[in-house]
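Asks: Provided herewith is a single structure, encoded as structure tokens, for subsequent inquiry.
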Amino acid sequence: MKKTILLTFLFTTLLFSCKKDKPPVATTIVTTPTNTANSFLLVCNEGNFRTGTASISRIETDGSVTLDMFKTTNNRPLGDVVQSITYIDNKYYIAVNGSAKIEVVNASDFKSITTIRGISSPRYILPIGNNRAYVSNLKLTNTTNYVYEINSETITITDSIMINGWSEKMVQVGNKVYITNVTNNYLYVINTLTNTIESTITLSEAVTDIAKDNVNNVWVLCGDYNTQPNTVAYVNTSTNTVTKTINFITDSNFMHIVYDATHDDIYLLNGDILKLNKTTNAFQTVVSKGTHVFYNFNIDAKNNQLILCDALDFSQRGYVYKYDLTNYTLLSTTKVGEIPSEVLVR
């Protein structure tokens with residue numbers, strides 16, 4: 001397998017140093033969402049590597065935004081490269097991989113509760129029930145690494161599961177957790193009752209992203225971002241077998257895959273936002289990148305919206321766009337922090 005992997009935080013300033021057109025003016029077109037009760041977005045802004053400028057922005061349904069919530073509330077910076085934010089038991093767990101820590105804050109006021117250390121580069125956090133959660137961890141070589149278990153009641157690391165290479169995205173199906181691995185072509189299946197690897201599913205290339213559908217099977221995105229064309233594999237979780245593989249053209253550079261559970265649709269990011277026809281395996285471009293640098297996206301099912309992160313030139317404050325998920329028209333533009341990358345829909 002090719003070892004050339006796009007490092008989502010390490011080399012962004014090198015890979016995207018080209019100048020961009022003048023960024024859009026931050027405007028908001030107020031629409032009527034389908035459900036506004038307690039509805040808002042939390043945006044992880046990575047910040048530039050080794051600058052300590054990571055932040056969290058909060059966007060309300062009317063487009064108003066609160067910047068750098070952690071620093072404003074706790075009078076100290078969040079740290080270096082925030083990767084993800086996860087809600088568990090009235091708390092937010094914020095993985096700050098450049099600072100090798102997880103910040104835990106109250107969901108109600110964002111005040112710091114504690115900091116979890118002892119994980120070299122935490123990426124994503126998945127609650128699995130019974131006050132337990134798994135934490136994936138970055139490692140650039142295909143050598144011994146771990147997926148960590150934390151207890152969300154005591155907020156401590158309670159176990160570790162040995163796994164080679166860079167563990168990344170995770171989804172849970174019953175008593176199994178499916179974990180992608182960026183440095184090899186395996187999808188690992190962990191038994192949550194025993195904290196052991198139950199199965200290893202071999203795929204075509206580096207396994208980078210995953211999405212669970214309405215029938216509890218998983219769509220898996222594979223490819224090394226640079227030299228290998230991407231594929232999407234459909235895995236039957238009852239048998240842990242690949243039942244379908246979709247191959248893409250050579251220059252396809254897919255970064256993320258998201259499942260829309262409301263409409264049973266698959267969306268992918270390869271610069272543009274594409275919708276996959278699961279019957280014909282054809283793609284429809286629903287949002288063209290134009291001059292934007294779409295870095296990640298998510299779906300707000302509550303308000304029927306597609307949420308896109310624009311990192312611009314990876315050196316200044318970026319933007320979050322809301323699109324209507326029915327006709328893909330732009331609803332609002334909000335300026336956030338440096339390098340917006342992950343969006344938690346609340």
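Where a number appears in this text, it was derived from the coordinates with a stated rule and is not lab data. Predicted model only: the values in this text are computed from it and were never measured. Cβ placement follows ideal geometry from the backbone for every residue including glycine, while neighbour counts extend to all protein chains displayed.
Asks: Any chance you could check the Cα centroid distance between the stretch 122-144 and the stretch 38-55 for me, in angstrom?
Replies: When both Cα centres are located, 20 Å separates them.
Asks: Given a Förster radius of 30 Å and the C-beta distance between N131 and T51 as r, what FRET efficiency does 1/(1 + (r/R0)^6) yield to the nearest 0.05?
Replies: It comes out at approximately 0.30.
Asks: Also: Based on other C-beta atoms within 10 Å, arrange T237, T158, T202, T53 from fewest to most.
Replies: T202, T158, T237, T53
Asks: Report the Stokes-Einstein translational diffusion coefficient (µm² s⁻¹, integer) for the stretch 216-344, Rh taken as the Kirkwood radius over Cα pairs, at 20 °C with viscosity 1.002 mPa s.
Replies: My calculation gives 138 µm²/s for D.
Asks: Over the Cα atoms of the stretch 115-225, what radius of gyration and what Dmax do you get, in Å?
Replies: Rg, Dmax (Cα atoms, Å): 13.2, 40.
Asks: Another question, then. If I model a spin label as a point 7 Å beyond the Cα along the Cα-Cβ vector, how far apart are those points for R76 and K111 in nm?
Replies: 1.6
Asks: Which one of N296, N214, N185 has the biggest mean-square fluctuation once the chain is modelled by GNM with Cα springs under 10 Å?
Replies: Per the Cα network of the chain with a 10 Å cutoff, N214 tops the list.
Asks: Another one. For the stretch 31-100, treating each Cα as an identical point scatterer without solvent, what Debye log10 I(q)/I(0) comes out at q = 0.17, 0.19, 0.22 1/Å?
Replies: Cα-only, vacuum Debye calculation for the stretch 31-100: -0.65, -0.78, -0.96.
Asks: Okay, moving on. Less than 11 Å Cβ to Cβ from T237, Lys/Arg counted +1 and Asp/Glu -1: what total charge do the surrounding residues give?
Replies: Charge balance in the 11 Å sphere: +1.
Asks: Still on this structure, I have one more. Compute the relative contact order of the stretch 39-345 as a whole-number percentage, counting only Cα pairs closer than 8 Å that sit 6 or more residues apart in sequence.
Replies: 12
Asks: Same structure, new question: Cut-off is 10 Å between beta-carbons; in what order do V81, V177 appear when sorted fewest neighbours first?
Replies: So the residues, fewest neighbours to most, are V177, V81.
Asks: Something else now. Can you give me the long-range amide H partners of I163? Hydrogens built in the peptide plane at 1.01 Å from N, cutoff under 5 Å, separation of 5 or more residues or another chain.
Replies: Under 5 Å from the amide H of I163: N145, Y146, V147.
Asks: Report the far tail of the P(r) of the stretch 36-166, meaning the percent of Cα-Cα pairs longer than 26 Å.
Replies: Here the tail beyond 26 Å accounts for 22 percent of pairs.
Asks: When N is the residue count of the chain, what does its C-alpha Rg come to as a fraction of 2.2 N^0.38 Å? Walk me through the numbers before you get to the answer.
Replies: On the way: Rg = 19.0 Å, N = 346, 2.2 N^0.38 = 20.3 Å.
Cα Rg divided by the expected 2.2 N^0.38 Å: 0.93.
Asks: Using θ = phi - 60° and the Karplus curve 6.51 cos²θ - 1.76 cosθ + 1.60, what whole-Hz ³J(HN,Hα) does each residue of the stretch 126-136 get, with Gly and Pro shown as x?
Replies: Running phi through 6.51 cos²θ - 1.76 cosθ + 1.60 with θ = phi - 60° gives 10, x, 10, x, 6, 6, 10, 8, 9, 10, 7 Hz.
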